[in-house]
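Below: the structure, in structure tokens.
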Amino acid sequence: GQNIDQPTEMTATEGAIVQINCTYQTSGFNGLFWYQQHAGEAPTFLSYNVLDGLEEKGRFSSFLSRSKGYSYLLLKELQMKDSASYLCAVRDYGRGSTLGRLYFGRGTQLTVWP
Amino acid sequence: DARVTQTPRHKVTEMGQEVTMRCQPILGHNTVFWYRQTMMQGLELLAYFRNRAPLDDSGMPKDRFSAEMPDATLATLKIQPSEPRDSAVYFCASAAMGAQYSNQPQHFGDGTRLSIL
């Protein structure tokens, strides 16, 4: 199956910058999504990458290298409200996958301290 | 903002009982997903539908789980009989999918928190 790896936990302080890495293996890569999930709530969409490079959206940026099977989510000027789980998800159209589904990592629990 | 609506938000019941969870996808979305989330397993895909037709239910225990889309505005997930190991948060998500929607994300409902005693 698809292997999506991301760190289990990270901590940082308010105002800092944090980078959450995600590595994946697919046979037919067709896009990578980052979601944010606060405790007890639904995952919400943050960013999408399908081509190599950086996508910037306010304080959040996401980077993709398809040749390396690697992405990261960069959070700048951290705030307490950024404490959440961050899920990396890959869309794979290759052999063994079903068209259109996402494969999710286990999530990285980020704690932001004052 | 358009939202995916799930009912009930919480359900506590005894093992052996039937559980039905409902989902109203965002109007115009042609693909509906059912996920289960636990601390141990993370987010797992159970089944999904495109244009109301089931595409993949390989993640779902067939003996006790069933998923249907009676119409474009309603998806259901049933567990019969329920067991304590089914306790989890069940999320429904919907998306507009097709070549012209390649960058469109899945939108999640608030989930049903299920506890089987």
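Worth a mention:
- The Cα-based radius of gyration and maximum Cα-Cα distance (Dmax) for chain B are 13.7, 45 Å.
- Whole-number D in µm²/s for the protein assembly as shown (Stokes-Einstein; Kirkwood sum over Cα pairs; 4 °C, 1.567 mPa s): 71
- Among B:26, B:116, A:4, the order by Cβ neighbours within 10 angstrom, fewest to most, reads B:26, B:116, A:4.
- Straight-line cross-link partners of residue B:11 among the lysines, defined as a Cα under 25 Å from its Cα and at least 8 positions apart when in the same chain: B:62, B:78.
- Note on residue A:76 and residue B:71: the model spin-label points, each 7 Å out from Cα along the C-beta direction, lie 4.9 nm apart.
- Sequence-distant lysines (8 or more away, or on other chains) whose Cα lies within less than 30 Å of residue A:68: A:57, A:76
- Shown here for the range B:21-67: trypsin sites (Lys or Arg not before Pro) in loop regions (DSSP other than H, G, I, E, B) with at most 10 other Cβ atoms within 10 Å, namely B:62.
- Square roots of 5 times each gyration tensor eigenvalue, C-alpha, the range A:12-68, largest first, Å: 22, 15, 11
We did not get these values from a lab; they are worked out from the coordinates using the rules stated. Please read all numbers here as calculations on a predicted model, not as lab measurements. Note that we place each Cβ from the backbone using ideal geometry, even for glycine, and neighbour counts take in every protein chain shown.
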